[in-house]
1. Starting at the first residue of segment 25-32, write each ³J(HN,Hα) from the Karplus equation 6.51 cos²θ - 1.76 cosθ + 1.60 with θ = phi - 60°, in whole Hz, x for Gly and Pro.
2. Return the sequence-ordered ³J(HN,Hα) values of segment 172-183 in whole Hz as given by the Karplus equation 6.51 cos²θ - 1.76 cosθ + 1.60 applied to θ = phi - 60°, using x for Gly and Pro.
3. What is the list of residues in segment 96-130 whose amide nitrogen lies under 14 Å from a point 7 angstrom out from the Cα of residue 38, following Cα to Cβ?
4. If amide H atoms are built 1.01 Å from N in the plane of the peptide, which residues on other chains or at least 5 residues away come under 5 Å of the amide H of residue 178?
5. Suppose each label sits 7 Å from its Cα in the direction of the beta carbon; what would the residue 47-residue 104 distance come out to in nanometres?
6. Between residue 209 and residue 79, with labels modelled 7 Å along Cα→Cβ, what's the label distance in nm to one decimal, could you check?
7. From a point 7 Å beyond the Cα of residue 21 in the direction of its Cβ, which residues of segment 33-57 have a backbone N at a distance under 20 Å?
8. Rank 11, 29, 57 by accessible area, highest first, at a 1.4 Å probe radius?
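The values are calculated or read from the model by the stated rules, or taken from the named source; none is laboratory data. This is a predicted model, so every value here is computed, not measured. Cβ placement follows ideal geometry from the backbone for every residue including glycine, while neighbour counts extend to all protein chains displayed. When the accessible area is computed, the model is the full protein with side chains, heavy atoms only, and any ligands, DNA or RNA have been set aside. Shrake-Rupley method; radii C 1.70, N 1.55, O 1.52, S 1.80 Å.
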Amino acid sequence: MSKYSIDEFIRQTKQDERGNEFFELETPRILEVNLKDLVWAKTGSMISYAGQIKFERERMLEHGLGKMFKKAFSGEGTSLMKATGNGRLYLADQGKKITIFDLNNESITVNGNDLLAFEPTIEWDINLMRKMAGVMSGGLFNVNLRGKGKVAITSHYEPLTLLVKPGEPVITDPNATVAWSGNLQPEFRTDISFRTLLGRGSGESFQMEFSGEGFVIVQPFEEGLAAPQPTS
């Protein structure tokens, strides 16, 4: 374990007080939001703030009746809070690594558990997995985000991006799948050999298949198992 004097520790770990963009990585696992109006963030992700900021849990009809019914089936994974005001807000989620995307009239779909925050200029919608395989594998819902603005997502450890090419589909474990390009529509498939070898209860018997052209982001950890210990 490293040893520091108090002054040395402060110098190496103190916040960056320079003028920054709306979203900045203060550390690989802490998101700084330079708030001047409003931001949507995952409920419970606030770890600190400075300034005049008010937090409000997403109201039942905040985003319309359609999304209310979808959220009733999607659980707490997409529960959002609204932070308004002026100041510096720090967000984190169980020590997971954070990636910031700056969308320019683009779209990305994110596993509901891995969405940390997004600008109010971003349009979003919840997509429910239609096949029972999605429910049984733990990948019940995801969030499609599109437009112009910043989006912050999380992953356990370093994410890997897999390219999907025409005629070359990519197969992933739903519990290790973090996000994918918004134009892709994954299909669920069942691997009979896995069901035979590992038993009907094995999550690995259910897989996501991405076809077309785009990308898929995966993490080296299956969501829903015991949380890993963060590493440097």
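1. Once θ is set to phi - 60°, the couplings for segment 25-32 become 7, 6, 9, x, 10, 10, 9, 9 Hz.
2. Values, residue by residue: 9, 7, x, 6, 10, 8, 9, 6, 7, 4, x, 7 Hz.
3. 118-124
4. Residues meeting the criterion, in which the H sits 1.01 Å from N, are 217, 218, 219.
5. Going by the 7 Å Cα→Cβ label model, 3.1 nm.
6. So the label points at residue 209 and residue 79 sit 3.7 nm apart.
7. Once the point is set 7 Å along Cα→Cβ of residue 21, 33-42 turn out to lie under 20 Å by backbone N, inside segment 33-57.
8. Largest accessible area first, the list is 11, 57, 29.
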